[in-house]
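Comments concern the structure below.
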Amino acid sequence: MSTKDNILIGKILIDKGIITPGQLESGLASQKGTGCFICTTLVKLGFAPEERIFSVLSNQLNTPYIKLKDINIDPLVIQRVPAKFASHYKIMPIEFKDNVLTISMADPLDIRTIDDLKLFLGLEVKSALSSEQEIEEGIRKYYGIGAETLEKMISKESPEKGLKSDFENIEDLEVLAEDASIVKFVNQILSEAIKDRATDIHLEPFQDELRTRFRIDGVLYDINIPETIKYFHPAIVSRIKIMAHLNIAERRLPQDGRIKIKVENEELDLRVSIIPTAFGEAVHIRLLSPMFFLNLERLGLLPEDLKIIEEAIQKPHGVIFVTGPTGAGKSTTLYACLARKNSSSVKIITIEDPIEYQLKGINQIQVNPVIGMDFAAGLRHMLRHDPDIMMLGEVRDYETAEIAIRAALTGHLVFSTLHTNDAAGAVTRLIDMGIEPFLVSSSLECLIAQRLIRLICPNCKTPVRHEDVIYKQIKKDIPEANIKKVDIFQGKGCEKCRFTGYLGRTGIYEVLTVTEPIRKLILARASSQQIKQKAISQGMRTLREDGLQKVFKGLTTYSEVIRVTQQEELPEQ
């Protein structure tokens, strides 16, 4: 659009009281040289709501204003416009009737685009008005991520060449992996994952498809990518291998690597794992942000539990275990504890598999079993470096457990993780490994069990009526709960939360302080249930009870707490 047209539209918006002359001047300065439509720039600058600007423009230009998220577009209409046209011209086909194609565009005065489409498509084209953001979201929704890139690759390479999975010539595969289109497509997948707040990317080959999924807030979702992605599976895997400095010629053995990327001045660490499957190599990418949750206050601990953990980590020696299944956030809690203790007056050494976050001022060792560097070997050498604090990624066997506990008894503070369902279960797990009860009793200071639960989306958060069945269910499960004095919320589902009602996650915790009565139970080889009951009698909240506190605070839903803690039975009162 010409500067003259932009000024004309700006004056219309001023006359209608939507923006001020000063805002128009700022908008024109910001828009200059970008080629953006002035209305799009004014919305991005926050000078006026999108709906007000486009409603006025719609009336003035006698062009319908269409909110794409409120309509469903027929797939047959989508097929009439190639993805590369939709992406290049930033348009969205919405209707085809009487040989006339109606397209939605952010700049309805862009006559050149309309003329180009008439020529390329051989159809009459009519324009409607939609925001640029909605058009971009519509292209991703209906065409799939990277659809225009895949179209371009299909036109350059025959599908048969892309389908070939057993390349004899590794040089050809390397050249294909460095092709600009493959590079762009892999970057698009990574960008979309970051935009969607995904923690994991899964690329899984099957007989007739390459399945792509993102894990968002702990739940896996299929991602809309054109089926033609399957033709370029070997090239995509090779591109990821090159980025992670892996061997692209090795396709029979698993490989692990790392990728560092920078997004909006923040460095992201991507952990890559590739395994051979029946239909080709499957890829898993874990996305890690080094600035994510490295302080205890942001982990979701209630004030009482935060105080207990603060006191435990200030002790000069002892063992602190964090327990829970894979993906429960154990490593994040340990890193937050280390970050709190990190200073020039203490020496901290960790041994991990793998190193997830790199912390400044802390010596971190990567486990490498191939050369004999396992947890036990690393621990023995760590003790010779005069550490004050040690962290083990996981206690897996008797030898590691014994060295860790003896280190605690000789004046070191040791952090580690165990895979148990609750806090008390860590005691019986250690004894089952062969550790003597007197060593367990003497060394343990604090046991923390945790899970991650989804938070209610703040954008669509609504209160639940007190007569709703959920209140009756809570009263049935927890008779002593005074639910008449609390409000419970749920998410209705919206675009921001992918219509799930949840956005983001927090932790629920079970913090067991090892007191003298509990030490006596450990020495007597008491069961984990007996230890748990004693801890509850001393004020410990179970995982489910901690989750319920977050339900009553309006942070999450009762069904989410039940889903995450379904293995736990509420203790008898």
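The values are calculated or read from the model by the stated rules, or taken from the named source; none is laboratory data. Bear in mind the structure is a predicted one, so any value in this text is a computation, not a measurement. Ideal geometry is used to build each Cβ from the backbone, glycine not excepted, and the neighbour counts take in all protein chains shown. In case anyone asks, the SASA skips ligands and DNA or RNA and just uses the protein heavy atoms, side chains included. Shrake-Rupley method; radii C 1.70, N 1.55, O 1.52, S 1.80 Å.
In the stretch 25-46, which residues are surrounded by 15 or more Cβ atoms within 10 Å (Cβ to Cβ) and under 24 Å from Ser127 (Cβ atoms)?
Scanning the stretch 25-46 gives Gly27, Leu28, Gln31, Cys36, Phe37, Ile38, Cys39, Thr40, Thr41, Leu42, Val43, Lys44.
Might you check whether a residue that is touching a helix residue (DSSP H, G or I) at 6+ places or on another chain (Cβ under 9 Å), modelled with pLDDT under 75 and over 16 Å from Ile448 (Cβ atoms) occurs anywhere in the stretch 559-570?
Checking the stretch 559-570: at least one residue is touching a helix residue (DSSP H, G or I) at 6+ places or on another chain (Cβ under 9 Å), modelled with pLDDT under 75 and over 16 Å from Ile448 (Cβ atoms).
Open to solvent by 30 Å² or more (accessible area, probe 1.4 Å), of a type in the set (Val, Ile, Thr) and touching a residue at least 60 places away in the same chain (Cβ under 8 Å) - does that describe any residue in the stretch 140-151?
Checked against the condition, which is being open to solvent by 30 Å² or more (accessible area, probe 1.4 Å), of a type in the set (Val, Ile, Thr) and touching a residue at least 60 places away in the same chain (Cβ under 8 Å), the stretch 140-151 yields no hits at all.
Considering only the stretch 215-227, I want to know if a residue exists there that is in contact (Cβ under 8 Å) with a residue 12 or more places away in the chain, of a type in the set (A, V, I, L, M, F, W, C) and under 18 Å from Lys184 (Cβ atoms). Let's see the steps before the verdict.
So the first thing to find is which residues in the stretch 215-227 are in contact (Cβ under 8 Å) with a residue 12 or more places away in the chain, and the list is 215-221, 223-227.
Still in the running and of a type in the set (A, V, I, L, M, F, W, C): 216, 219-220, 223, 225.
Going one step further and asking which of them are under 18 Å from Lys184 (Cβ atoms), we end up with 223, 225.
Within the stretch 215-227 (the criterion being in contact (Cβ under 8 Å) with a residue 12 or more places away in the chain, of a type in the set (A, V, I, L, M, F, W, C) and under 18 Å from Lys184 (Cβ atoms)), the answer is yes, since at least one residue qualifies.
Among the numbered conditions (1) over 23 Å from Arg525 (Cβ atoms); (2) hydroxyl-bearing (Ser, Thr, Tyr); (3) open to solvent by less than 60 Å² (accessible area, probe 1.4 Å), tell me where Thr410 comes up short.
(3)
Here's the yes/no breakdown for (1) at pLDDT 85 or above; (2) among the polar types (S, T, N, Q):
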residue: Leu121; (1), (2): yes, no
residue: Glu151; (1), (2): no, no
residue: Ser155; (1), (2): no, yes
residue: Ala177; (1), (2): no, no
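To keep it simple, each residue is scored yes or no on (1) out of contact with any helix residue (DSSP H, G or I) (no Cβ under 8 Å at 6 or more places or on another chain); (2) crowded, with 17+ Cβ neighbours inside 10 Å; (3) of a type in the set (S, T, N, Q).
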| residue | (1), (2), (3) |
| --- | --- |
| Phe214 | no, yes, no |
| Asp222 | yes, no, no |
| Pro234 | no, yes, no |
| Ile240 | no, yes, no |
| Asn247 | no, no, yes |
| Gln255 | no, yes, yes |
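Would you confirm whether or not the stretch 180-196 contains a residue that is part of a loop (DSSP other than H, G, I, E, B) and open to solvent by less than 40 Å² (accessible area, probe 1.4 Å)?
The initial filter retains those residues of the stretch 180-196 that are part of a loop (DSSP other than H, G, I, E, B), namely 196.
In the following step, the residues that additionally are open to solvent by less than 40 Å² (accessible area, probe 1.4 Å) were identified as 196.
Yes: the stretch 180-196 contains one or more residues that are part of a loop (DSSP other than H, G, I, E, B) and open to solvent by less than 40 Å² (accessible area, probe 1.4 Å).
Listed residues Ala377, Ala339; which is in contact (Cβ under 8 Å) with a residue 24 or more places away in the chain, assigned to a helix (DSSP H, G or I) and either within 24 Å of Gln314 (Cα to Cα) or out of contact with any strand residue (DSSP E or B) (no Cβ under 7 Å at 6 or more places or on another chain) (or both)? Quick ask: steps written out before the conclusion?
Working: Ala377 fails: in contact (Cβ under 8 Å) with a residue 24 or more places away in the chain.
After ruling out the rest, the residue left standing is Ala339.
One line per residue, one yes/no per condition, for (1) over 20 Å from Ala128 (Cβ atoms); (2) without any contact (Cβ under 8 Å) to a residue 12 or more places away in the chain; (3) of a type outside the set (S, T, N, Q):
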site: Glu25; (1), (2), (3): yes, yes, yes
site: Phe47; (1), (2), (3): yes, no, yes
site: Ser55; (1), (2), (3): no, yes, no
site: Lys69; (1), (2), (3): no, no, yes
site: Arg80; (1), (2), (3): no, no, yes
site: Val100; (1), (2), (3): no, no, yes
site: Met105; (1), (2), (3): no, no, yes
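Can you name the residue in the stretch 413-424 that is outside any strand (DSSP E or B) and in contact with a Lys or Arg (Cβ under 6 Å, 6 or more places away or on another chain) and, of all such residues, is surrounded by the fewest Cβ atoms within 10 Å (Cβ to Cβ)?
Narrowing the stretch 413-424 to residues outside any strand (DSSP E or B): 419-424.
Checking the rest, the ones that are also in contact with a Lys or Arg (Cβ under 6 Å, 6 or more places away or on another chain) come to 420, 424.
Values: Thr420: 20, Ala424: 29.
Only one residue tops the list, namely Thr420.
Whether any residue in the stretch 76-88 is touching a Ser or Thr at 6+ places or on another chain (Cβ under 7 Å) and modelled with pLDDT of 80 or more is what I want to check. Show your work before the answer.
Going residue by residue through the stretch 76-88, those that are touching a Ser or Thr at 6+ places or on another chain (Cβ under 7 Å) are none.
There is no residue in the stretch 76-88 that is touching a Ser or Thr at 6+ places or on another chain (Cβ under 7 Å) and modelled with pLDDT of 80 or more.
Looking only at the stretch 269-280, which residues are open to solvent by less than 40 Å² (accessible area, probe 1.4 Å) and either more than 15 Å from Ile240 (Cα to Cα) or β-branched (Val, Ile, Thr) (or both)?
Correct list: Val272, Ile274.
Select from the stretch 55-87 the residues that are under 33 Å from the mean Cα position of the chain (by Cα), open to solvent by less than 70 Å² (accessible area, probe 1.4 Å) and not hydrophobic (A, V, I, L, M, F, W, C) and write down the one among them that is nearest to Pro226 (Cα to Cα).
Here the answer is Pro82.
Only residues that are touching a Ser or Thr at 6+ places or on another chain (Cβ under 9 Å), in a helix (DSSP H, G or I) and open to solvent by 30 Å² or more (accessible area, probe 1.4 Å): list them for the stretch 102-135, please.
Within the stretch 102-135, just Gln133 meets the criteria.
Counting just the residues of the stretch 273-307 that are touching a strand residue (DSSP E or B) at 6+ places or on another chain (Cβ under 8 Å) and among the small types (Gly, Ala, Ser), which one comes out modelled with the lowest pLDDT?
Step by step, filter the stretch 273-307, then rank; the result is Ser289.
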